[in-house]
Amino acid sequence: MKRFISFDPNACVGCHSCEVACKQFHKLPVGVFRIKIEKKIEKTALTAFDKRGLAMKFRARLCTQCDDAPCISACSVGALVRGVFGVVVLVKEKCNGCGACIDACPLQAMWLNPKTNIAEKCNTCVDEHFKIPPCVKHCMGGALKLELTT
């Protein structure tokens with residue numbers, strides 16, 4: 001069974017409450033995230049409701065728990081491992097802060113914590129024994145969902 005958090009860009013309202021909930025729960029400093037919502041303004045066809053022809057779209061940067069996670073193989077000290085429910089977990093005691101895993105992540109979903117010099121990534125709060133992670137619980141638009149697949 002695999003556990004991951006899915007994101008529906010059509011449901012995201014761009015409120016960033018998922019970021020805030022995660023940052024507060026994990027006590028992350030400014031500039032460090034485990035989930036990051038980014039907005040992109042796109043040109044669209046003109047409509048009666050939108051005379052400018054612009055649409056705002058959102059994207060979430062968070063670990064999707066890749067089946068063949070390049071961050072695991074990039075880590076020379078074995079600080080990233082596949083844990084319970086297939087979640088890629090960072091063993092903080094082993095991390096040396098080299099950033100190889102951050103560079104290897106194709107989704108740019110890992111950050112270096114400048115206070116601890118340790119990598120940060122989403123682990124779906126699997127080690128916190130949460131049925132629902134704080135980011136999912138506080139997502140106002142329902143864009144984030146905790147998924148379990150076989």
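Results, tabulated for the structure shown:
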{"item": "Environment charge at Lys145 (Cβ cut-off 15 Å; Lys +1, Arg +1, Asp -1, Glu -1)", "result": "+2"}
{"item": "Computed helical MRE - 222 nm, the chain, DSSP H runs ≥ 4 contributing -39500 (n - 2.57), nearest 500", "result": "-3500 deg cm²/dmol"}
{"item": "Positive dipole terminus of segment 23-150, leading residue within His138, Cys98, Ala119 (C-beta point charges)", "result": "His138"}
{"item": "Over segment 65-150, relative contact order from alpha-carbon pairs under 8 Å, at least 6 apart, %", "result": "21 percent"}
{"item": "Directionally averaged shadow of segment 50-95, computed from the convex hull of its alpha-carbon atoms, nm²", "result": "5.4 nm²"}
{"item": "Calculated from backbone phi, Karplus (6.51, -1.76, 1.60) coupling profile of segment 85-95 in Hz, x at Gly/Pro", "result": "6, x, 7, 6, 10, 8, 8, 4, 5, 8, 5"}
{"item": "Inter-centroid distance (Cα atoms) of segment 1-27 relative to segment 109-150, Å", "result": "7 Å"}
{"item": "Nearest-20 debye value, the chain charge dipole, Cβ charges on Lys, Arg, Asp, Glu", "result": "380 debye"}
{"item": "Backbone HN-Hα couplings from phi across segment 29-38 [Karplus 6.51/-1.76/1.60, Hz, Gly and Pro as x]", "result": "x, 4, x, 10, 9, 10, 9, 9, 9, 10"}
{"item": "20 Å Cα-Cα reach of Lys2 towards lysines, excluding residues that sit fewer than 8 places from it in its own chain", "result": "Lys121, Lys131, Lys137, Lys145"}
{"item": "Rg/Rh for segment 2-149, where both radii come from Cα atoms and Rh is the Kirkwood radius", "result": "1.02"}
{"item": "Under-5 Å amide H pairs with Glu147, H placed in peptide plane, nonlocal only", "result": "Phe4, Ile5, Ser6"}
{"item": "18 Å Cα-Cα reach of Lys43 towards lysines, excluding residues that sit fewer than 8 places from it in its own chain", "result": "Lys51, Lys57"}
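Any read-out appearing in this document is the output of simple, stated calculations on the displayed coordinates, not a laboratory observation. From a predicted model like this one, the values you see are computed outputs, not experimental measurements. For neighbour counting, all protein chains shown are included, and Cβ atoms are generated from backbone atoms with ideal geometry for every residue, glycine included.
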